[in-house]
Amino acid sequence: MKVCGFSFVKNGVQFDYPVVEAITSILPVCDHFIVAVGDCADGTRELIQSIGSEKIEIIDTVWDPTLKEKGRVLASETNKAFDAIPAGYDWCFYIQGDEVVHEKYLPAIRSAMEENLANKAVDGLIFHYQHFYGTYDYVADSRRWYRSEIRVIRNDKGIRSWNDAQGFRWKDARKLTGKFIDASVYHYGWVRPPKKMKEKLEGSKQYWSVESKHIKTINQASAEYDYSLSIDSLTRFRGTHPAVMQKRLDQLDWHPELSEKKKKLTGRYFVLYWFEKIFHYRPFENKHFIEIK
């Protein structure tokens, strides 16, 4: 069994993406790793090279500024990295520049790949998600945040990254089939110093249409991002973070006023939130995949 990791990044240094942590977190289970580095001059390419692994191959890309609807430029860049993976690899492990996998999950991930290798009914492997918000102490837990997604897929180029690269579909838009595995992706996209968070969100606007819900959600007039204004529900994180994130945890020097007690949920979403908490089931959930038991 051969595994190739893949990812994409642009302005990783300027916007403080934990892309080195993302790549190195899954590198132990990958035989090769392809990173599509977009056109930028902030030292992102040099940052990826500094990882110093012979497994890593960089491909240089140019982002298409016209692909703004639903953030599709992100899927386009994902597909460029995926398409560069040679045919000899069985599984392709996708990780975004702000996603990290805890080292405790690597044995289970490797085992799941081996166990499902011959089962062609399985298109991919599904991971649970933890969306950290504001600091490393809180996780966003409302319906605005997806609970799971496929991150390991077959090396079949009929599979495409979808819309803003959250998940994958077949070329004809059919959903992939997948099996859940006992592993989580830790998403750190919403953990940055408030000023850096504001800069990152402003920078992302060039790749989304101004009418999109995404842009309307992140708009704030202040010079620094106020985390307390744009969150509806949080829960306290009581686990451990991946070892590769320790340096970032040690450098945390901002402390937004956040609380798991404050909920900004109204009407239907209030009812659905507590239904999910009580019954551990999210009704009307929109998923990119079809689960195989």
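Answer with yes or no whether residue 176 is under 16 Å from the mean Cα position of the chain (by Cα), touching a residue at least 24 places away in the same chain (Cβ under 8 Å) and more than 18 Å from residue 100 (Cα to Cα).
Details: under 16 Å from the mean Cα position of the chain (by Cα): no; touching a residue at least 24 places away in the same chain (Cβ under 8 Å): yes; more than 18 Å from residue 100 (Cα to Cα): yes.
Against the criterion (under 16 Å from the mean Cα position of the chain (by Cα), touching a residue at least 24 places away in the same chain (Cβ under 8 Å) and more than 18 Å from residue 100 (Cα to Cα)), residue 176 does not qualify.
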Lone unmet requirement of (1) modelled with pLDDT of 95 or more; (2) surrounded by fewer than 20 Cβ atoms within 10 Å (Cβ to Cβ) for residue 145:
(1)
Take the residues of region 165-192 that are farther than 17 Å from residue 74 by Cβ and small (Gly, Ala, Ser): which is modelled with the lowest pLDDT?
173
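Kindly provide the set of residues from region 260-272 that are part of a helix (DSSP H, G or I) and either of a type in the set (A, V, I, L, M, F, W, C) or within 15 Å of residue 235 (Cβ to Cβ) (or both), ordered by number. Full working, then the answer.
Taking region 260-272 and keeping what is part of a helix (DSSP H, G or I), we get 267-272.
The answer is 270, 271, 272.
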Does at least one position in region 269-292 carry a residue that is at pLDDT 90 or above, under 30 Å from residue 116 (Cα atoms), of a type in the set (Asp, Glu) and in contact with a strand residue (DSSP E or B) (Cβ under 9 Å, 6 or more places away or on another chain)?
yes
Can you tell me which residue among 183, 221, 243 is small (Gly, Ala, Ser) and under 30 Å from residue 119 (Cα atoms)?
183
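Every residue, every condition in (1) of a type in the set (Val, Ile, Thr); (2) in contact with an Asp or Glu (Cβ under 8 Å, 6 or more places away or on another chain); (3) at pLDDT 95 or above, yes or no:
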| site | (1), (2), (3) |
| --- | --- |
| 62 | yes, yes, yes |
| 72 | no, yes, no |
| 77 | no, no, yes |
| 82 | no, no, yes |
| 106 | no, no, yes |
| 119 | no, no, yes |
| 124 | no, no, yes |
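Table: residues versus (1) within 27 Å of residue 19 (Cβ to Cβ); (2) touching a helix residue (DSSP H, G or I) at 6+ places or on another chain (Cβ under 8 Å); (3) without any contact (Cβ under 8 Å) to a residue 24 or more places away in the chain; (4) not in a loop (DSSP other than H, G, I, E, B).
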residue: 189; (1), (2), (3), (4): yes, no, no, yes
residue: 195; (1), (2), (3), (4): yes, no, no, yes
residue: 238; (1), (2), (3), (4): yes, no, yes, no
residue: 245; (1), (2), (3), (4): yes, yes, no, yes
residue: 254; (1), (2), (3), (4): yes, yes, no, no
residue: 258; (1), (2), (3), (4): yes, yes, no, no
residue: 274; (1), (2), (3), (4): no, no, yes, yes
residue: 282; (1), (2), (3), (4): no, yes, no, no
When residues of region 141-168 are limited to those that are within 14 Å of the chain's Cα centre (by Cα) and of a type in the set (A, V, I, L, M), the one farthest from residue 2 (Cα to Cα):
165
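I want to confirm something. Restricting to region 18-31 and keeping residues that are more than 13 Å from residue 244 (Cα to Cα) and surrounded by fewer than 20 Cβ atoms within 10 Å (Cβ to Cβ), which single residue is nearest to the chain's Cα centre (by Cα)? Lay out the reasoning, then the answer.
Keep residues of region 18-31 that are more than 13 Å from residue 244 (Cα to Cα), which gives 29-31.
When the remaining residues are screened for being surrounded by fewer than 20 Cβ atoms within 10 Å (Cβ to Cβ), the result is 29, 31.
Details: 29: 18, 31: 21 Å.
Across region 18-31, the extreme among qualifying residues is 29.
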Looking at region 260-272, which of the residues that are touching a residue at least 60 places away in the same chain (Cβ under 8 Å) and not aliphatic (A, V, I, L, M) is nearest to residue 224 (Cα to Cα)?
260
All-but-one check, residue 54 against (1) surrounded by fewer than 17 Cβ atoms within 10 Å (Cβ to Cβ); (2) touching a residue at least 40 places away in the same chain (Cβ under 8 Å); (3) not β-branched (Val, Ile, Thr), failing number (2)
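The values are calculated or read from the model by the stated rules, or taken from the named source; none is laboratory data. Just so it is clear, the structure is predicted and the values come from calculations on it, not from any experiment. Here the Cβ is made from the backbone with ideal geometry for all residues, glycine too, and neighbour counts use every protein chain on show.
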